[in-house]
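> Below is one structure. I have some questions about it.
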Amino acid sequence: SGTLSDLGAQQWTMSLNKGGFIVPTRLVTSSGDITEDDAIIFADAGSGMITLQVYDNASNAGAMITIKKIDTSTNVVKLTTEGSGEIDNNPDGGDPTTDPAYVLQNPYDSVTLVAGTSATVTDGWWVI
């Protein structure tokens, strides 16, 4: 088995689990927020479009989130940002539900986001 220990100040230790490590995962089937506790989101949009709001990264430089669309429908997963945040320098439009910062539109699309620092862009997320 593996363990993950919080050392504070965004420092973590991780013990290996049979050659790998364990990260928090969550299945979502409806719109909502991505929180600082999330690492991997499995988004099932089979029943309809999903809008997920990524948290403000201002105090979480280096945080990483992966979002994976796990259905074969034509429904999209829209990613918006909290406050004035951006994804790859792309802000939400006037209405984030119709003009989101990022969209997963094809079956099994995924994106990994890393929170930038003040040296890159304030409140910015970067696609890796």
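The values are calculated or read from the model by the stated rules, or taken from the named source; none is laboratory data. Only a predicted model underlies this, so the values are computations on that prediction, with no experimental measurement involved. We place every Cβ from the backbone using ideal geometry, glycine too, and count neighbours over all the protein chains shown. The area values use the complete protein model at the heavy-atom level, side chains included, leaving out ligands, DNA and RNA. Shrake-Rupley method; radii C 1.70, N 1.55, O 1.52, S 1.80 Å.
> Starting from region 24-47, keep only residues that are more than 16 Å from Ala63 (Cβ to Cβ), then list their pairs with residues that are among the aromatic types (Phe, Trp, Tyr) and open to solvent by 60 Å² or more (accessible area, probe 1.4 Å) whose Cβ atoms are within a distance under 7 Å, requiring at least 6 positions of separation or different chains.
Once the first residue is more than 16 Å from Ala63 (Cβ to Cβ) and sits in region 24-47, its partners that are among the aromatic types (Phe, Trp, Tyr) and open to solvent by 60 Å² or more (accessible area, probe 1.4 Å) give Leu27/Phe42.
> Turning to a different aspect of this structure: Are any residues in region 58-70 under 16 Å from Tyr102 (Cα atoms) and open to solvent by less than 30 Å² (accessible area, probe 1.4 Å), and if so, which ones?
Hits for region 58-70 are Ile65, Ile67, Lys69.
> Output the number of residues of region 102-128 satisfying the condition of being modelled with pLDDT under 85 and aliphatic (A, V, I, L, M).
Of the residues in region 102-128, 2 are modelled with pLDDT under 85 and aliphatic (A, V, I, L, M).
> Of all residues being open to solvent by less than 20 Å² (accessible area, probe 1.4 Å) and either farther than 15 Å from Ala58 by Cα or modelled with pLDDT of 95 or more (or both) in region 71-85, which is nearest to the chain's Cα centre (by Cα)? Just the residue, please.
Just the residues of region 71-85 that are open to solvent by less than 20 Å² (accessible area, probe 1.4 Å), to begin with: 71, 77, 79-81, 85.
Next cut, either farther than 15 Å from Ala58 by Cα or modelled with pLDDT of 95 or more (or both) only: 71, 77, 79-80.
Numbers: Asp71: 17, Val77: 11, Leu79: 8, Thr80: 10 Å.
Ranking the qualifying residues of region 71-85, first place goes to Leu79.
> Here is a further query. Here are Asp88, Asp99: which of them is surrounded by fewer than 16 Cβ atoms within 10 Å (Cβ to Cβ) and modelled with pLDDT of 80 or more? So that I can check it myself, show each step before the final result.
Values: Asp99 fails: modelled with pLDDT of 80 or more.
When all the criteria are applied, what remains is Asp88.
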